[in-house]
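I have placed the structure first, in the form of structure tokens, so that the comments after it can refer back to it.
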Ligand code: KG4
Ligand code: ZN
């Protein structure tokens, strides 16, 4: 695989409910097409895996063609294909993996197997080309939460992780308990802006301990108690208080990691990186300690294939081996 700057990479992402394809040439993002299934899954209150796979199947080829068209290239211009092979819903992942393998085989180009969480981190390279390892990544997604240490383009290590639920999962579960539509994260973000963050859901806070299961239960219990007393819960106050507690736990851990490691560059990664309070809080707390804080634009926070291209660029740059054509999808995959 030639390592010149102008390598054209087709990225494919189908790990959950977004079918996405993107094209990068060198460090330039030429297209990033995202076909979201949110409307389809909303009536079920969450993603239904079987329905997600079926919809990826019908969307994948049109989405790839649209990405090539928007980039102004044809299949023959592709130098490498990159695809998310985990973590995610196995049936959903398999659609992207199968399409990527078929294309790589037919075009005679290498196939790169991308870890979804590493890709969320690599999304920062697109919007902030000046970002260079070592840095700390605050991972805040629907399936993973914690602090990763990034020591090289291909060196990722979680140094703190949630002991139970992921932060996005907690946002979605609390939103559901409040009767807000799926996905709940953006809804809580919106409602929280009009609420007061003064309800104390958890009394014992220990820096470095990221745990969301107890917080979620505390919110649900709080609502039940109000209902038993015949009182109407103030949803905005609940959202603001939950969001503050959930985010502060992660930001406090990130700041502790800055102090422990002496690494003063931070970035945000994952769908919850779109959360306005998390973006503001991490930036303020990081900068107070002399750290530089990066986060991707909203369009690169939730699942997208541009980040898959960005991750593959790092693999190609350092000669990481391409995947074999018997690549399989992996539902549980660590960083
Ligand atoms: O990273 P992602 O797209 O999926 C995984 O890789 O897991 O993250 C999806 C999560 C969902 O839980 C969604 O509710 C949350 O990101 N999310 C948000 C916001 N936008 C998306 N959570 C809080 N505030 C937001 N603005
Ligand atoms: Zn994701």
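Things worth noting here:
- Degrees separating the helix 276-288 axis from the principal Cα axis of the chain, which is the longest one: 90 degrees
- With the alpha-carbon atoms of the range 271-335 aligned to their principal axes, the span from lowest to highest coordinate is 47, 25, 21 Å, starting with the largest.
- Relative to the dominant Cα principal axis of the chain, helix 213-228 is inclined by about 40°.
- Expected-Rg normalisation [2.2 N^0.38 Å, Cα atoms] applied to the range 1-150: 1.06
- Note on the range 47-104: Cα Rg divided by 2.2 N^0.38 Å, N the number of residues, gives 1.19.
- Just checking the listed ones, 225, 235, 101: in the Gaussian network model of the chain with Cα springs under 10 Å, the one fluctuating most is 225.
- Working ranking of peptides 316-323, 131-138 by packing, defined as the average number of other Cβ atoms within 10 Å per residue, highest first, is 131-138, 316-323.
- Solvent-free Debye scattering, log10 I(q)/I(0), computed from the Cα coordinates of the range 66-156 at q = 0.10, 0.16, 0.23 Å⁻¹: -0.34, -0.82, -1.19
- With the gyration tensor restricted to C-alpha atoms of the range 193-335, the semi-axes of the equivalent ellipsoid amount to 35, 21, 15 Å, longest first.
- The alpha carbon centroids of the range 274-303 and the range 117-178 are separated by 12 Å.
- The range 41-122: relative contact order as a whole-number percent, Cα under 8 Å and 6+ apart: 32 percent
- The translational diffusion coefficient of the range 224-294, from Stokes-Einstein at 20 °C and 1.002 mPa s with a Kirkwood hydrodynamic radius over alpha carbon pairs, comes to 156 µm²/s.
- GNM result for the chain, Cα springs below 10 Å: residue of 83, 293, 202 fluctuating most strongly: 202
- Reduced Cα scattering model of the range 123-192, Debye log10 I(q)/I(0), q = 0.12, 0.14, 0.22 Å⁻¹: -0.44, -0.56, -0.91
- Protection proxy ranking, peptides 112-125, 35-48, 161-174, average beta carbon neighbours within 10 Å, highest first: 112-125, 161-174, 35-48
- Quarter the surface of the alpha carbon convex hull of the range 82-231 and you get the mean projected area, 12.3 square nanometres.
- The ratio of the alpha-carbon radius of gyration of the chain to the globular-protein estimate 2.2 N^0.38 Å is 1.01.
- Spatially, the range 82-98 and the range 2-72 are offset by 11 Å when compared through their Cα centroids.
- Relative contact order (%) - criterion: Cα under 8 Å, at least six apart; region: the chain: 25 percent
- Within the chain, helix-based [θ] at 222 nm, where runs of 4 or more DSSP H residues each add -39,500 (n - 2.57), nearest 500: -14000 deg cm²/dmol
- Summarised as an ellipsoid, the range 1-81 has semi-axes of 29, 11, 10 Å, derived from the eigenvalues of the Cα gyration tensor scaled by 5 and square-rooted, with the largest first.
- Nearest 10 degrees, 0 to 90: helix 167-177 Cα axis against the chain principal axis: 50 degrees
- Residue 224-residue 151 FRET efficiency (beta carbon distance; Förster radius 45 Å; 0.05 resolution): 0.45
Where a number appears in this text, it was derived from the coordinates with a stated rule and is not lab data. For clarity, every value in this text was computed on a predicted model and none was experimentally measured. All Cβ positions, even for glycine, are placed from backbone atoms using ideal geometry, and neighbour counts span all protein chains on display.
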